[in-house]
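Here is the structure we will look at.
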Amino acid sequence: MTSTAEYKDLEAKYYMQVVKRMPPVLVRGEGTKVFDNDGKEYLDFTAGWAVLNLGHSHPDVTKAIQDQAGKILQMSNLFYTVPQLPLAQLIVDNSDVDRVFFCNSGAEANEGAAKLARKWGKLKLNGAVEIITTLNSFHGRTQAMMAATGQPAYQENWKPLMPGFVNVPYNDLEAIKAAYKPDATCAVLLEPVQGEGGVNVPDDGYLKAVMDFCHEKNILFMLDEVQTGMGRLGTLFGYQQFEGVEPDVMTLGKALGSGAPLGAFTCKEFCSVLEPGDHGSTFGGNALTTAAGAAAAKVMVDEDIPEKSLAANAHLVGRLTALKEKYDFIKEVRGLGLLIGLEMTRDIAGPAVAECLENGLLLNAVRPNTLRFMPPLTVSNEEIDEAVDIVDAALAKASSD
Ligand SMILES: *Cc1c(COP(=O)(O)O)cnc(C)c1O
């Protein structure tokens, strides 16, 4: 058996060094738990980066992948294949969008949405191409999505950025109104709750007001639900948490394939302006990934997983709020569903995460002063208790060092 040290040497030698990895080599997962190559057990409160909303190795998803692998994996979109249709139908039946296109990742979903918006601008707005996005957003790592992502750290090395994106403050309707230009702006693209930006929940009414402004100007109101979609906020789609809000265009990724690489951009019928030849993807919506996605979405809907996860939200927020009473450096516990941020007045999230790892908890420091909790939606109260006890001890240690 290859040892952990040997794996690290191989990684250092052969892999592009674009990320500083955490120490364990993970080889197996089950529900909220993952195991490393030495058999050590961890609670996974990163859920494979908000991907494993049903937990690791959900039996229905595993079976769907196994069954599909024995039938057909890939045909290209030139031919009809079976599993993408039940998944598209599940999305449409349980949301306010009418049409779906499957791709392979969140960034690609947003690229597709941006193309759709430009076509809308071409047809309806005298060639408008500009998309308004927000500071602290995250929309992916492609050339265009780095311009859409309003964070200098993601943009600095890649200038000149692709044209056609304007970044304005989040949670600020007036900033969007000020950035809007007739015959230049074709859409606004927002996360219903900013994930990578630090778990930022907008004020009541913000999303609705932006939507109303978009409709007044005939520009598209587009929601990036790559992280918030598929139950993460406590409803199947994040926007369903917000009274009166319906996206014209919605993008999905992360949890959509339950671990298989799958994204989608979706739209209402009125703005379904892409035509044959406008867009495509070799792997997009292939039989294997959509079989996994269809099985996962069926479980999500049939078993009311998002609704049930609200009990876990209450338990987790309750426990973290109790920690806030205990430690005066905890500033705020915020978020919706099982996308929860814990912000501190001190930059100790990094050391706290390292300490949690030692003690069997995978957690993310989304900012130097903010921890992000995004366990599977199927997490139990006992697992939450175990995780928060580990966090409690880690904060006590990190704050005294
Ligand atoms: C993760 C994420 C993306 C990018 O998804 P990839 O699959 O990594 O390309 C886009 N938008 C949001 C909101 C995300 O959280």
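The values are calculated or read from the model by the stated rules, or taken from the named source; none is laboratory data. Predicted, not measured: the structure shown is a model, and the values here were computed from it. So basically every Cβ, Gly included, is an ideal-geometry build from the backbone, and we count neighbours across all protein chains shown.
Within the range 195-252, being on the phi > 0 side of the Ramachandran plot, buried (at least 21 other Cβ atoms within 10 Å of the Cβ) and within 13 Å of the ligand (Cβ to nearest atom) holds for 199, 230. Counted as qualifying within the range 150-263 are the strands (runs of 3 or more DSSP E) with 1 or more residues that are without any contact (Cβ under 8 Å) to a residue 40 or more places away in the chain, namely 165-168, 220-224.
Selection within the range 156-194: residues that are surrounded by 17 or more Cβ atoms within 10 Å (Cβ to Cβ), polar (S, T, N, Q) and more than 27 Å from residue 333 (Cβ to Cβ). The member of this set that is nearest to the ligand (Cβ to nearest atom) is 167.
Residues considered: 153, 147. Of these, the only one that is at pLDDT below 95 and within 16 Å of the ligand (Cβ to nearest atom) is 153.
Selection within the range 119-148: residues that are under 17 Å from the mean Cα position of the chain (by Cα) and of a type in the set (Gly, Ala, Ser). The member of this set that is nearest to residue 220 (Cα to Cα) is 148.
If the condition is being polar (S, T, N, Q) and closer than 13 Å to residue 196 by Cβ, then the range 134-153 contributes 134, 136, 137, 149, 151.
Here is a check on your reading of the model: is residue 8 at pLDDT below 95 and surrounded by 12 or more Cβ atoms within 10 Å (Cβ to Cβ)? Taking the combined requirement at face value, the residue satisfies it.
Residue-wise test of (1) farther than 17 Å from residue 104 by Cα; (2) hydroxyl-bearing (Ser, Thr, Tyr).
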residue	(1), (2)
284	no, no
289	no, yes
292	no, no
300	yes, no
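Residue 26: out of contact with any His (no Cβ under 8 Å at 6 or more places or on another chain) and farther than 30 Å from residue 276 by Cα, yes or no? When the stated conditions are applied, residue 26 passes them.
Considering only residues in the range 80-139 that are of a type in the set (Phe, Trp, Tyr) and farther than 28 Å from residue 174 by Cβ, the one that is farthest from the ligand (Cβ to nearest atom) turns out to be 80. For residue 144, the criteria (1) surrounded by 21 or more Cβ atoms within 10 Å (Cβ to Cβ); (2) over 19 Å from residue 214 (Cα atoms) hold in every case but one, which is (1).
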